Amino acid sequence: QVQLVESGGGLVQPGGSLRLSCAASGFAFSRYAMSWYRQAPGKERELVATVTTAGRSTNYADSVKGRFTISRDNGKNTVYLQMNSLSPEDTAVYYCNCYMTSVQYWGQGTQVTVSS
């Protein structure tokens with residue numbers, strides 16, 4: 001079955017960096033675009049970034065443009081989110097996502113907390 005397992009979250013000071021990873025299994029990873037979403041307390045889940053199948057095209061929410069980079073390694077069935085210049089507003093649970101055959105698949109999420 002489809003599995004998405006995120007890792008790499010944690011506590012970081014403002015201005016710091018983190019790299020999230022999402023290990024995928026149970027489907028043909030290289031055939032699907034992959035995305036990262038996040039959900040802050042009391043807020044709706046929002047799309048952060050998307051990468052196309054071969055990784056040649058990416059899209060970002062305006063709030064993270066220039067600070068976050070999404071990438072993928074199809075040989076490792078893994079998608080990454082490099083987050084730089086983090087601010088407290090980036091505090092959220094970050095979720096890996098794949099939209100496949102009209103179904104949204106989600107990981108369990110990884111907590112990112114930006115605080116001094």
Of Leu11, Leu18, which residue is within 12 Å of the chain's Cα centre (by Cα), over 14 Å from Gly109 (Cα atoms) and touching a residue at least 40 places away in the same chain (Cβ under 8 Å)?
Leu18
Could you tell me which numbered condition Pro14 fails, if it satisfies all but one of (1) under 13 Å from Thr78 (Cβ atoms); (2) open to solvent by 50 Å² or more (accessible area, probe 1.4 Å)?
(1)
Filtered residue count, region 68-101, keeping only those that are among the basic types (Lys, Arg) and crowded, with 21+ Cβ neighbours inside 10 Å:
1
Taking the criterion of being at positive phi, surrounded by 15 or more Cβ atoms within 10 Å (Cβ to Cβ) and free of Cβ contacts under 8 Å to residues at least 40 places away in the same chain, would at least one residue in region 36-58 satisfy it?
yes
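The values are calculated or read from the model by the stated rules, or taken from the named source; none is laboratory data. Note that this is a predicted model, so its numbers are computed, not measured. Reconstructed Cβ throughout: ideal geometry from the backbone, glycine too, with neighbour counts over all protein chains shown. Keep in mind that these areas ignore ligands, DNA and RNA; they rest on the heavy atoms of the full protein, side chains included. Shrake-Rupley method; radii C 1.70, N 1.55, O 1.52, S 1.80 Å.
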